[in-house]
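**Q** Got a structure here, written out as structure tokens. Questions coming.
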Amino acid sequence: MEPCSRTTQEKGTPCDLQDSLFDDTVLRTMNTDKCKFAMKGIQYPTPGTSLFARPLRRSDYDKGFLQLLSQLTKVGDYSKEAFEAQFNSMQALPGMYYVVVIEDTSTATLVASATLLIEHKFIHGAVIRGRIEDVVVDSEYRSSSLGSFLLELLTCFSEEIGCYKITLDCKLKLVGFYEKFGYNNEGQCFLTKRFKD
Ligand SMILES: CC(C)(COP(=O)(O)OP(=O)(O)OC[C@H]1O[C@@H](n2cnc3c(N)ncnc32)[C@H](O)[C@@H]1OP(=O)(O)O)[C@@H](O)C(=O)NCCC(=O)NCCS
């Protein structure tokens, strides 16, 4: 069976969901009324011409995923096998890792990515909360609203699935970017103890 792609989805052809980190029916059917991108006529999974948003795939090692992430932080040089092992660990925890990427289908390269992580809590009456992680847009594609699209998509989705709140940490210079989407600096401290670089 072929991997899920824009063509398979548009034609409704059965495709190999095992290649996908999660089944994105949840994103395609979610209520986007509160999302600004929907008000501009943009919908998942097509944020622009030749752009296709979708869950991360096991095969994305070959589509520049690590090179994209290296525009965010240090990634390290590791094998496809190591990538796949990490992917498999995440896929084995359904409902926890939502890594959404945007592929430029004209070059078969990933140009943006963002992650929503769901944490189960024993507080507030046993709830779930969301965390946004690793938002990055390729430098050639910035200022085209792709960062906004991914952030809003995952933020709306976290509310839709019942998160009581969603948080993220970022560099001070990016506070303004996230405030545009309703994130507030509540003055809490974010502390780090690093064991490795
Ligand atoms: C931050 C980042 C994801 C933004 O993505 P993008 O696709 O270029 O952003 P958008 O085009 O969606 O911009 C949305 C809005 O935020 C604004 N914006 C973008 N970067 C900003 C920043 N650093 N500070 C404040 N506002 C910013 C834009 O001007 C735009 O405003 P407008 O809607 O009023 O015109 C991208 O610059 C990036 O990948 N940076 C490097 C990696 C990184 O730092 N990631 C964040 C980790 S916390």
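**Q** Please compare each pair in 74/121; 74/180; 40/74; 121/173; 63/173; 40/80 to a cut-off of 32 Å on the Cα-Cα distance and tell me which ones are over it. Walk me through the numbers before you get to the answer.
**A** Values: 74/121 30 Å; 74/180 27 Å; 40/74 35 Å; 121/173 30 Å; 63/173 29 Å; 40/80 38 Å.
In this structure, 40/74; 40/80 lie more than 32 Å apart at Cα.
**Q** Using the Cα centre as the reference, give the magnitude of the dipole from point charges on the C-beta atoms of segment 132-197 (Lys, Arg: +1; Asp, Glu: -1; all else neutral), rounded to the nearest 20 debye.
**A** Values: 8 positive and 11 negative charges, 72 e Å.
With only Lys, Arg, Asp and Glu charged at Cβ, the dipole is about 340 debye.
**Q** Pick from 110, 146, 72 the residue whose mean-square fluctuation is largest in a GNM of the chain, springs joining Cα atoms under 10 Å.
**A** Among 110, 146, 72, the largest GNM mean-square fluctuation belongs to 72.
**Q** Assign unit charges at the C-beta atoms only (+1 for Lys and Arg, -1 for Asp and Glu), then state the dipole size of the chain relative to its Cα centre in Debye, rounded to the nearest 20.
**A** 580 debye
**Q** Once you have the Cα-Cα distance between residue 164 and residue 179, take 0.36 nm times their residue separation minus that, and quote the gain in nm to one decimal.
**A** 3.6 nm
**Q** Let me ask something else about it. Per residue of segment 34-43, in order, report the coupling 6.51 cos²θ - 1.76 cosθ + 1.60 (Karplus, θ = phi - 60°) as ³J(HN,Hα) in whole Hz, putting x for Gly and Pro.
**A** Calculated HN-Hα couplings, in order: 8, 8, 4, 5, 5, 5, 8, x, 9, 9 Hz.
**Q** Most mobile of 115, 29, 46 per a Gaussian network model of the chain (Cα springs, under 10 Å)?
**A** 29
**Q** While we're on this one: If I model a spin label as a point 7 Å beyond the Cα along the Cα-Cβ vector, how far apart are those points for residue 43 and residue 83 in nm?
**A** Going from the residue 43 label point to the residue 83 one covers 3.1 nm.
**Q** With Cβ to Cβ distances under 15 Å as the rule, what net charge do the other residues near residue 183 carry (K, R +1; D, E -1)?
**A** The answer is +2.
**Q** Do any GluC sites (Glu not before Pro) in segment 134-197 lie in a loop, going by DSSP, with at most 15 other beta-carbon atoms within 10 Å of their beta carbon, and if so which? Each step should come with its number before you reach the end.
**A** Details: sites: 140, 152, 159, 160, 179, 186; in loops: 186.
Passing both the DSSP loop test and the Cβ count: 186.
**Q** Further question: Which FRET efficiency, nearest 0.05, do residue 121 and residue 62 yield, Cβ-Cβ r, R0 35 Å?
**A** Rounded to the nearest 0.05, the efficiency is 0.40.
**Q** Most mobile of 71, 91, 43 per a Gaussian network model of the chain (Cα springs, under 10 Å)?
**A** Looking only at 71, 91, 43, the largest GNM fluctuation is found for 71.
**Q** What shape does segment 121-197 have by the C-alpha gyration tensor, where a ≥ b ≥ c are the square roots of the eigenvalues, rounded means a/c under 1.5, and otherwise prolate means a/b greater than b/c and oblate the rest?
**A** Taking the square roots of the gyration eigenvalues as a ≥ b ≥ c, segment 121-197 is oblate.
**Q** Taking square-rooted eigenvalues a ≥ b ≥ c of the alpha carbon gyration tensor, is segment 38-132 rounded, prolate or oblate, where a/c under 1.5 means rounded and, failing that, a/b exceeding b/c means prolate? Working shown, then result.
**A** Details: a/c = 2.21, a/b = 1.20, b/c = 1.84.
Judged from the Cα gyration tensor, segment 38-132 comes out oblate (a/c at least 1.5, b/c at or above a/b).
**Q** What longest region of the chain stays clear of chymotrypsin sites (Phe, Trp or Tyr not before Pro) that DSSP places outside H, G, I, E and B and that have at most 13 other Cβ atoms within 10 Å?
**A** Details: sites that count: 78, 122, 190, 195.
For chymotrypsin sites (Phe, Trp or Tyr not before Pro) (loop position, at most 13 other Cβ atoms within 10 Å), the longest site-free span of the chain is 1-77.
**Q** Let me ask another. Of all trypsin sites (Lys or Arg not before Pro) in segment 38-73, which ones are in loop regions per DSSP and have a Cβ with at most 12 other Cβ atoms within 10 Å?
**A** 40
**Q** In addition: Would you tally the net charge around residue 155, using a Cβ to Cβ cut-off of less than 12 Å, leaving residue 155 out, and scoring K and R as +1, D and E as -1?
**A** Around residue 155, the charge tally is +2.
**Q** Here is a further query. Please give the net charge around residue 74, taking every other residue with its beta carbon less than 13 angstrom from that of residue 74, where Lys and Arg add +1 and Asp and Glu add -1.
**A** Taking every other residue near residue 74 into account, the sum is -1.
**Q** To the nearest 0.05, what FRET efficiency results for residue 140 and residue 189 with a Förster distance of 25 Å applied to their C-beta separation?
**A** Details: r = 36 Å, r/R0 = 1.42.
That pair, residue 140 with residue 189, gives E of 0.10.
The numbers here are math on the coordinates, done by the rules we state, and not lab data. Since the structure is predicted, the reported quantities are computational estimates derived from the model, not experimental observations. Cβ: placed from backbone, ideal geometry, glycine included. Neighbour counts: every protein chain shown.
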